[in-house]
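Quick notes on the structure that follows.
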Amino acid sequence: MRVLHKAYVYLTCGRKLLVFSQPDQPDVGLQVPGGTLDPGESHLIGARREFHEETGLVLDGALDHLADQDHLFDNGRGRDLHRRRHFHARLARIGRDEWEHFEMTPNDGGEPIRFRLFWLDLDEEVDPAAFYEGFDAQLPLLRQRVTGG
C-alpha cells in the first residue's frame with residue numbers, strides 16, 4: 001500500500017465554505033482545494049501551492065490546523081493510504097460567487113482538470129454523499145469553529 005501525504009484548505013467567509021466540483025467528471029463529488037505534497041514539501045507549503053493551483057487564488061492569511069485524517073483510497077492500482085492534514089483559512093469578503101479554473105499540472109501528469117468553484121452555505125444541510133472521498137468529515141468541526149463554539 002502506498003502512503004501519500006496530502007494537504008487541504010477549508011476556506012471560509014463567514015458561514016460559507018469554498019468547494020469545487022469537476023464538470024467533466026460529474027461522478028466525482030464535492031471537494032476542497034488541496035492535494036498531494038511534493039517530495040520534501042511541508043504540509044503548510046503544499047496546502048498553499050495546491051490551493052493556488054486548483055483555485056487560481058493566493059492565500060495571504062494564516063492557515064490554522066483543523067484536523068488530521070487517514071483515509072483509505074481504492075483506485076485502479078490498488079489501495080492507497082492518504083495521510084491528510086486539513087487547514088482552515090478565513091476570508092473577509094467573497095470576491096466571486098462562482099468561477100471555473102483549470103489545474104494545469106495534475107499530480108498524475110494527465111490533462112488539465114476543469115474545476116467549478118463556488119461557496120457552500122454551512123447552515124444548509126448537505127448530503128454527505130455529495131462529497132468525494134471523506135471531504136465531509138471535517139464539516140462538523142468547521143461549523144463549530146466558524147460559530148465560535
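Computed from the coordinates by the stated procedures, all read-outs in this text should not be read as laboratory data. Just so we're clear, the structure is a prediction, and the values are computed from it rather than from any experiment. Don't worry about glycine lacking a Cβ; one is built from the backbone with ideal geometry, like all the others, and counts go over all protein chains shown.
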Checklist line | Filter result (out of contact with any Asp or Glu (no Cβ under 8 Å at 6 or more places or on another chain), under 14 Å from residue 52 (Cα atoms) and in a strand (DSSP E or B)) within the range 100-125 | finding: 100, 102
Check: Taking into account only those residues within the range 47-76 that are touching a residue at least 40 places away in the same chain (Cβ under 8 Å) and assigned to a loop (DSSP other than H, G, I, E, B), which is surrounded by the fewest Cβ atoms within 10 Å (Cβ to Cβ)?
Finding: 56
Margin query: Return the residues of the range 103-125 that are under 15 Å from the mean Cα position of the chain (by Cα) and free of Cβ contacts under 8 Å to residues at least 60 places away in the same chain; say none if nothing qualifies.
Written below: 103, 106
Margin query: Any residue that is over 11 Å from the mean Cα position of the chain (by Cα) and part of a helix (DSSP H, G or I) - is there at least one of those in the range 1-19?
Written below: no
